[in-house]
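Quick note: the coordinates plus some simple rules give every number you see, no bench work behind them. Just so it is clear, the model here is predicted, and its values are computed rather than measured. Please note: Cβ atoms are built from the backbone with ideal geometry, for glycine as well, and neighbour counts cover all protein chains shown.
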Amino acid sequence: MAAGLEPRLLEAQTARLAPIDFLSTLVGDELLRRQDRLLARRVQQAGFRDQGKTLDTFDFDFNKKMNRRLVFELAAGRFITQHEDGLFLGPPGTGKSHLAQAIGFAVIQHGHRVLYREAHALLDERADAQLAGTRKAYLAQVTTIPLLTHRR
């Protein structure tokens, strides 16, 4: 809150805010900062391969067979809370990785944790944990993440 105190004090004096409104604004600023930090931390922890892969940047016109409505339903994250799975199949270059990352980013914004890994990297991490004697801890960590996206 300290970072935003001085500008908010000036604003409160100029607008003649009531003390409770001033305090409400300060608390609102802090909650927004915390939400932004949580989002940034979850995006970093997800380990997306390509930054900026969102539904806004996906070209639905490129792949006319893509069910746009279903993609946006997946991005809402209800399938996660209902403990359902999703699987994208198709030839290379059809947007599967882009969609996996875009949906992962969208569900992070809905409050879910995500882990994005290429299948070989996931297997390498598991093998490394086995060698280090931390396999159980690694599996416990990975299995608590509601959305695990990976690509072959």
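Note down the relative contact order for the chain as a percent, whole number, built from C-alpha pairs under 8 angstrom at least six residues apart. Spell out each step's value before the answer.
Values: 124 pairs, mean separation 37.2, N = 152.
Computed value for the chain: 25 percent relative contact order.
Please arrange SER24, SER97 by how many other C-beta atoms lie within 10 Å of their C-beta, fewest to most.
Numbers: SER24 12, SER97 21.
With the fewest neighbours first, SER24, SER97 line up as SER24, SER97.
Taking the Cβ-Cβ separation of ALA137 and ASP56 as r and a Förster radius of 41 Å, what is the calculated FRET efficiency to the nearest 0.05?
Details: r = 37 Å, r/R0 = 0.90.
The formula returns an efficiency of 0.65 here.
For Cα extents along the principal axes in Å, which listed value, (i) 59, 41, 19; (ii) 61, 47, 28; (iii) 40, 36, 29, comes from the coordinates shown?
Recomputing Cα extents along the principal axes in Å here picks out (ii).
Would you please put 52-62, 9-19 in order of how densely packed they are, using the mean number of other Cβ atoms within 10 angstrom per residue and starting with the highest?
On the way: 52-62: 12.7, 9-19: 11.2.
Order by mean packing, descending: 52-62, 9-19.
Which of rounded, prolate or oblate describes the range 1-46 when judged by the alpha-carbon gyration tensor and an a/c cut-off of 1.5?
Numbers: a/c = 4.63, a/b = 3.06, b/c = 1.51.
Prolate is the answer for the range 1-46, as a/c is 1.5 or above and a/b outweighs b/c.
May I ask you to sort TYR116, TYR138 by Cβ crowding, counting other Cβ atoms within 10 Å and putting the fewest first?
Numbers: TYR116 24, TYR138 16.
Least crowded to most crowded, the residues run TYR138, TYR116.
For every helix of n ≥ 4 consecutive DSSP H residues, a contribution of -39,500 (n - 2.57) applies; sum these over the chain, divide by its total residues, and give [θ] at 222 nm rounded to the nearest 500 deg cm²/dmol.
Details: 7 runs with 92 residues, N = 152.
Theoretical 222 nm ellipticity from helices: -19000 deg cm²/dmol.
Cα-based count: Lys pairs in the chain below 23 Å, eight or more positions apart or different chains?
Values: LYS53/LYS64; LYS53/LYS65; LYS53/LYS96; LYS64/LYS96; LYS65/LYS96.
Within the chain, the lysine pair count is 5.
How do the peptides 72-84, 122-134 rank, highest first, by the average count of neighbouring beta carbon atoms within 10 Å per residue? Walk me through the intermediate numbers first.
Working: 72-84: 14.3, 122-134: 12.5.
Highest to lowest by the protection proxy: 72-84, 122-134.
At R0 = 25 Å, how high is the FRET efficiency between ALA76 and LEU38 if r is their beta carbon distance? Nearest 0.05 is fine.
Numbers: r = 19 Å, r/R0 = 0.77.
Taking R0 as 25 Å, the efficiency between ALA76 and LEU38 is 0.85.
Arrange the following residues from fewest to most other Cβ atoms within 10 Å of their Cβ: LYS96, LYS136.
Values: LYS96 18, LYS136 10.
Going from least to most buried by this count: LYS136, LYS96.
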